Amino acid sequence: MFITVTNSLLEGFWVSFKIFGFTLFFALPLGLLISFGSMSRFKVLRFPTKIFVWIIRGTPLMLQLITIYYGPGLVGKWAASLGVSNFFINWLATWSVMDRFNAVIIAFIINYACYFSEIFRGGIESIPRGQYEAGQVLGMTKTQIFFKVVLLQVLKRIIPPMSNEIITLVKDTSLARTIAVYEIIWSAQEFIKSKGLLWPLFYTAAFYLLFCGLLTILFNYIEKKLDYFKG
Amino acid sequence: MALLEVKGICKNFGRTEVLKGIDFSLEKGEVLAIIGSSGSGKTTLLRCLNFLEYADEGTISVNGNILFDGALPEKKNLADIRNKRLHFGLVFQSFNLFPQYNCLDNVTLALKLQKKLSQEEIKERGLRLLDRVGLSDKIENYPCQLSGGQQQRVAIARALALSPDVLCFDEPTSALDPELTGEVLKVIRGLKGQDSTMIVVTHEMEFAKNVADKVIFMADGVIAEMGTPEDVFDRPKNPKTAAFLNKSLESF
Ligand SMILES: Nc1ncnc2c1ncn2[C@@H]1O[C@H](COP(=O)(O)OP(=O)(O)OP(=O)(O)O)[C@@H](O)[C@H]1O
Ligand SMILES: [Mg+2]
């Protein structure tokens, strides 16, 4: 039985891991972009970005999941009922609900990109102006200053909050269950329904703990690697 | 012809007039010391020379070429400004070394990015400059492993790497413990005569007196007095200068 449960949970965990991996891979660069938007000199860019980040950070991820999952179809049907008809609307209306897994990935990427963007912003804004000025005086371009002077210092500063957020992400993947994505918690609950077994649910903790443990070790390693300078 | 010619520099921050018409010129190899009380606009003047700030009026010329003219609308063209900056170097009060690079890389980073010299030439120049500021034994050290005085000497070497026509220092020793100011001032003095033209904003009156060829006393955004160190320190014409000198002597 233990083997069966483990195998089944591993399957569920693989889904959790995929959510984690895809989210991280896309939310990190997107977050950097959003952080640039929220620091932009141009109000037309800065203001909407900040509003967007506020909405995403101010509402539960669970709600966002549901919105992404049902939203497009609902909008399509509603628009169709108003008599609007064009290619896009028709396409939305036929799309009753989105593919579950894709909906999860999209919602997670948007949500985490916003959190990451705030971490990036904090990191970038904490770099003293003197660093930029030292680069400018040496005739460097803005791009050179960002990549050669600022970036590594930002990285060093954001590792602690980033590791926090990423470890939260590991556990947040369980929210995918809300729209019936077969992640590890869901797969454990199957055993309650089918066999009346409760312990597989608690057994999932081992998977989370192991994974978060590995991540902690990784982050400690990166932190050590960047320990050679202060700044 | 003067190496550096500054004419009628004015700078406002909103409604505060910080510089109200600064004129001076500097010959090649000369050392100019700028003294003056806090808030008189010394830092702002150096920042205008290095284009970290854009003067509202006035011109800055090097070797007879007008680099900056406050009257022209395109004064803030970035690519242009970047090239013009190379005529000037700036050593900051707070060093502003790049913490993630060792001493040698701090000195050579800008040269590497310029890609005008070969790797060997760049390294050779970096080593020579660090030797000149007496830090040959700290090449591989990171800024956090150095004393303040050593950090400032690396910053001087870094500023020299691009061979600026005019090297500016903004209170290079103000952030240092008193026992460390000497080593930095000695390095700056050592640069004199190696045809470095320098502008040094300083509160070290002895240094200004002994090293400078020319001294400017600034007060409230204008040059209240300008002349040789003997003129300014021993025979000040402006009562403000005399008052300032008395006060800075008192504090010892
Ligand atoms: N970015 C800025 N915005 C607004 N006001 C500024 C700015 N920079 C400088 N000032 C003002 O300009 C005046 C001159 O400042 P500056 O730093 O040039 O003085 P300073 O002579 O270097 O003084 P200190 O000896 O204290 O370094 C001060 O009154 C200061 O408040
Ligand atoms: Mg100053």
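Of note, B:Lys84 satisfies the criterion of being within 14 Å of chain A (Cβ to nearest Cβ) and in contact with a strand residue (DSSP E or B) (Cβ under 9 Å, 6 or more places away or on another chain). The sole residue among A:Ile158, A:Ile127, A:Ile179 that is over 30 Å from B:Phe95 (Cα atoms) and of a type outside the set (Gly, Ala, Ser) is A:Ile179.
For B:Asp170, are the conditions met, namely being at pLDDT 90 or above and either within 16 Å of ligand 1 (Cβ to nearest atom) or of a type in the set (Asp, Glu) (or both)? Against the criterion (at pLDDT 90 or above and either within 16 Å of ligand 1 (Cβ to nearest atom) or of a type in the set (Asp, Glu) (or both)), B:Asp170 qualifies.
When the residues of segment B:37-66 are filtered to those that are surrounded by 20 or more Cβ atoms within 10 Å (Cβ to Cβ) and away from ligand 2 (no atom under 16 Å from the Cβ), the one that is farthest from B:Phe13 (Cα to Cα) is B:Val62. Scanning segment B:163-180 for residues that are crowded, with 21+ Cβ neighbours inside 10 Å and either hydrophobic (A, V, I, L, M, F, W, C) or more than 16 Å from ligand 2 (Cβ to nearest atom) (or both) turns up B:Pro164, B:Val166, B:Leu167, B:Cys168, B:Phe169, B:Leu176. Set side by side, the residues B:Ala155, B:Ala159 differ, and just one is in contact with a Gly (Cβ under 8 Å, 6 or more places away or on another chain), under 30 Å from B:Lys116 (Cα atoms), modelled with pLDDT of 90 or more and part of a helix (DSSP H, G or I), which is B:Ala159.
Looking only at segment B:27-45, count how many residues are more than 8 Å from ligand 1 (Cβ to nearest atom), over 13 Å from the mean Cα position of the chain (by Cα) and either on the phi < 0 side of the Ramachandran plot or of a type in the set (A, V, I, L, M) (or both). Lay out the reasoning, then the answer.
Taking segment B:27-45 and keeping what is more than 8 Å from ligand 1 (Cβ to nearest atom), we get B:27-35.
Remaining after also requiring over 13 Å from the mean Cα position of the chain (by Cα): B:27-29.
Now restrict to residues that are either on the phi < 0 side of the Ramachandran plot or of a type in the set (A, V, I, L, M) (or both): B:27-28.
Selection size over segment B:27-45: 2.
With respect to A:Arg121, determine if the residue is within 14 Å of chain B (Cβ to nearest Cβ) and farther than 30 Å from B:Asn83 by Cβ.
On the way: within 14 Å of chain B (Cβ to nearest Cβ): no; farther than 30 Å from B:Asn83 by Cβ: yes.
So A:Arg121 does not fit the description; no.
Restricting B:Thr197, B:Thr181 to residues that are of a type in the set (Ser, Thr, Tyr) and more than 19 Å from B:Leu45 (Cα to Cα) narrows the list to B:Thr181. The residues listed here are A:Phe116, A:Phe101, A:Phe108; of these, the one that is at pLDDT below 95 and assigned to a helix (DSSP H, G or I) is A:Phe101.
The numbered conditions (1) more than 25 Å from the chain's Cα centre (by Cα); (2) at pLDDT 90 or above; (3) within 21 Å of A:Phe211 (Cα to Cα); (4) not acidic (Asp, Glu) are all true for A:Phe26 except (1).
The values are calculated or read from the model by the stated rules, or taken from the named source; none is laboratory data. Remember, it's a predicted structure, so these values are computed and weren't measured experimentally. As a convention, Cβ positions derive from the backbone with ideal geometry for all residues, glycine included, and neighbour counts pool all protein chains shown.
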